[in-house]
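Below is one structure, written out as structure tokens, with a few remarks after it.
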Amino acid sequence: MLKGFAHETGNHCGSTSLRDVSDYREWGLSEPLCFGIGSGLGFSYIESEDSPTRQFVGRSPWLESGFYDHLGIAFEERRGQSFDDAWAGIRDHLDAGRPVLLFVDIYYLEYFDSDVHFSPHTVVAVGYDDDAVLLADSEFDGIQRLPLDQLADSLDSDHGFFGPIENHWLAPTGEEPTRPIVDAIHDGLTLTTTTMLEPESLSFAGAGTHGLDGIRAFGRELPDWQDLPDANWCTRFAYQNVEKRGTGGGAFRGLFAPFLDEAAAHTDVVDETIVDEASEIAEDWSTIGQSLKRAGLAEDESDTREAYEEAGSQMLAVADREEELYETIRNRL
């Protein structure tokens, strides 16, 4: 176990893992700052052959690497290795006193007790023994002991919002940020606005419709969801991805707003008006979540369609509101 590593639960797996590493290295960054510096906000609407056949995720795929990039902290990131090679690299970093971020599928984690594939879920490897790895997980107090066979399965899952995991891990090799926090915040905001306004200019792994285009595609298709063969599961999963499953509430917008609030102390790009608008957008997403929940619980077909149509209209409206917010931020950078 890494000496001096402390862990607390948090709102989202990726940003909590980064905050844990920040605390260990004494960088002094809160979870919202980690989320925003890493450009964690995003949106991808995905059609899948597996159930749920319609799903979305409200974060970007580059939160963790973006965090280190924007702070100027050197890191090693590997994907596509065999498990044996990946595990050897992970052990080497732990032996050197470095925490390692692992991207896993919770379905294979016995301590999680989940019957649903959900990945990537970010955890921090903080130690190991002959038979297991020791993990800090945002959802659990204390350190979890995971047998290596479960680690192997969870690191090599074919299920994921952004494609197969392929033994993906990341370890910071730098000891300190080399860039001022204001520059890291500006880089985080720049990538976030590009992610949402111009996703076609970025490289997304896996299929999907991204950014504001993804929100609008989701909103337009929602009224027809009740005709899907797995409509109930799609709808419950969508509600969970708005309000639960480590989003911080409001489809991760509940993490973005407090990031902007903290960022305002470092940069004049963000002011009270922007923070208030982002907070209201997070509330709008929570309202969408409740509409999705009603659609999933409604017993009458007409009530179900009405709830889907309401959620779809709300989603199209929040896309317009988000577009104005990101344009405002971009024009101030």
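The values are calculated or read from the model by the stated rules, or taken from the named source; none is laboratory data. Computed from a predicted model, the values in this text were never measured in an experiment. Heads up, the Cβs are rebuilt from the backbone with ideal geometry, glycines too, and the neighbour counts pull from every protein chain shown.
Can you tell me which residue is farthest from the chain's Cα centre (by Cα) among those in the stretch 291-313 that are free of Cβ contacts under 8 Å to residues at least 40 places away in the same chain, assigned to a helix (DSSP H, G or I) and closer than 15 Å to T235 by Cα? Let's see the steps before the verdict.
Within the stretch 291-313, the first condition is being free of Cβ contacts under 8 Å to residues at least 40 places away in the same chain, and the residues that meet it are 291, 294, 297-300, 302-303, 306-307, 310.
From what's left, assigned to a helix (DSSP H, G or I): 291, 294, 297, 302-303, 306-307, 310.
Still in the list and also closer than 15 Å to T235 by Cα: 291, 294, 297, 303, 306-307, 310.
On the way: S291: 22, R294: 25, L297: 27, D303: 32, E306: 30, A307: 27, E310: 26 Å.
Checking each candidate, the answer is D303.
Can you find a residue in the stretch 164-180 that is modelled with pLDDT under 95, out of contact with any Ser or Thr (no Cβ under 6 Å at 6 or more places or on another chain) and surrounded by 19 or more Cβ atoms within 10 Å (Cβ to Cβ)? There is no residue in the stretch 164-180 that is modelled with pLDDT under 95, out of contact with any Ser or Thr (no Cβ under 6 Å at 6 or more places or on another chain) and surrounded by 19 or more Cβ atoms within 10 Å (Cβ to Cβ). R78 - would you say it is in contact with a helix residue (DSSP H, G or I) (Cβ under 8 Å, 6 or more places away or on another chain), among the basic types (K, R), more than 24 Å from D130 (Cβ to Cβ) and at pLDDT 95 or above? The answer is no for R78.
Checked against (1) assigned to a helix (DSSP H, G or I); (2) modelled with pLDDT of 95 or more, V269 passes all but a single condition, namely (1).
Filtering the stretch 124-145 to residues that are hydrophobic (A, V, I, L, M, F, W, C), within 15 Å of A6 (Cα to Cα) and outside any loop (DSSP other than H, G, I, E, B) leaves V124, A125, V126, L134, L135, A136, I143. Take the residues of the stretch 160-212 that are touching a strand residue (DSSP E or B) at 6+ places or on another chain (Cβ under 9 Å) and of a type in the set (V, I, T): which is farthest from E47 (Cα to Cα)? Top of the filtered list is T173. Looking at the stretch 163-249, none of the helices (runs of 4 or more DSSP H) lying wholly inside it contains 3 or more residues that are in contact with a Cys (Cβ under 8 Å, 6 or more places away or on another chain) and under 23 Å from V270 (Cα atoms).
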